[in-house]
Amino acid sequence: MPKPLPLKFNDPAPNLDLTAANGQIISLSSLWQNKVLVLAFTRHFGCPQCKEMLDELVQLHPELIGKGLSLAVITQGTQEQTQAFCVERAPGILCLADPDRKAYSAYGLGKGSLRQTFLSTRVWRSNRNLKKTRGWKTELPPQGQDSMLMPGTFVIGPDGRIRLPYYYEDIADHPSVELLVQGIMGTDWQKPLETPLDSNSD
């Protein structure tokens, strides 16, 4: 299977219908209409970095909402798996199930290399730190989930175009809170955006 092509700044955001954790069918385009959408894709549910990312988004969520932005998380779990996981890890955040990984592919997210997923020094340090500080260890993915699938974060403007395509260098490479807070929240979305939020994302 060919590797999905990455999206670039100003590309139209792919629109798909996905099932929310509560069973409702949600069109992605409905989430960016009249507001900016932060769309985060997780790895498998046994991944400690996935839990870390969700914890950071949960902490940031009230500030995003206060600024009129919206947030959604896409998982590769089934609707039932996604509901159970997000009740525990992402309360109050819209979680969408993509067990067929159609949205992952549409947004250019494919399998990572061994270096990106297991053999990176940064991943080893992250695993050691999260086990020590949070008690999280790397676990096998639930049935049907792919341990090699890479995560990603995308900011989509009200015009339905990609404003920040963030592709991880490895699974421990979260977008910084500073980038989200200063870049996204510091942008005047009523004006045309001619350059990427992150100069490294083009």
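What follows is calculated from the coordinates using simple rules that are stated; it is not laboratory data. Here the structure is a predicted model, which means the values were calculated and not measured. Positions of Cβ are backbone-derived with ideal geometry, glycine not excepted, and every protein chain shown enters the neighbour counts.
Projecting the Cα atoms of Pro6, Tyr167, Leu130 onto the charge dipole of the chain, computed from C-beta unit charges around the Cα centre, puts Leu130 farthest toward the positive end. Charge tally around Arg134: other residues with Cβ under 15 Å, Lys/Arg +1 each, Asp/Glu -1 each, net +2. Taking amide H positions as modeled 1.01 Å from N, with prolines and chain starts lacking one, the residues under 5 Å from Val36 and 5 or more places away or on another chain are Ser70.
Between the stretch 1-70 and the stretch 77-150, what is the separation of their alpha carbon centroids in Å? Their Cα centres are 14 Å away from one another. Our helix-only sum for the chain, with -39,500 (n - 2.57) per DSSP H run of n ≥ 4 divided by its residues, gives a mean residue ellipticity at 222 nm of -8000 deg cm²/dmol.
Close amide H partners of Ala13, meaning residues 5 or more places away or on another chain with modelled amide H under 5 Å apart, are Arg161, Ile162. For the stretch 17-185, the number of Lys pairs separated by eight or more positions or lying on different chains, with C-alpha atoms closer than 21 Å, is 6. In this structure the amide hydrogen of Gly112, modeled in the peptide plane, comes within under 5 Å of the amide hydrogens of Leu149, Met150, none closer than 5 places in sequence on its chain. Other residues within the sphere of radius under 14 Å centred on the Cβ of Asp98, judged by their own Cβ, net out at -1 (K and R +1, D and E -1). Sequence-distant contacts, meaning Cα pairs under 8 Å at least 6 residues apart, place the relative contact order of the stretch 130-177 at 24 percent.
Beta bridges assigned by DSSP with both partners in the chain are antiparallel in approximately 65 percent of cases. Projecting the Cα atoms of Gly68, Asn15, Pro99 onto the dipole axis of the chain, where Lys and Arg carry +1 and Asp and Glu carry -1 at the beta carbon, places Pro99 farthest toward the positive end.
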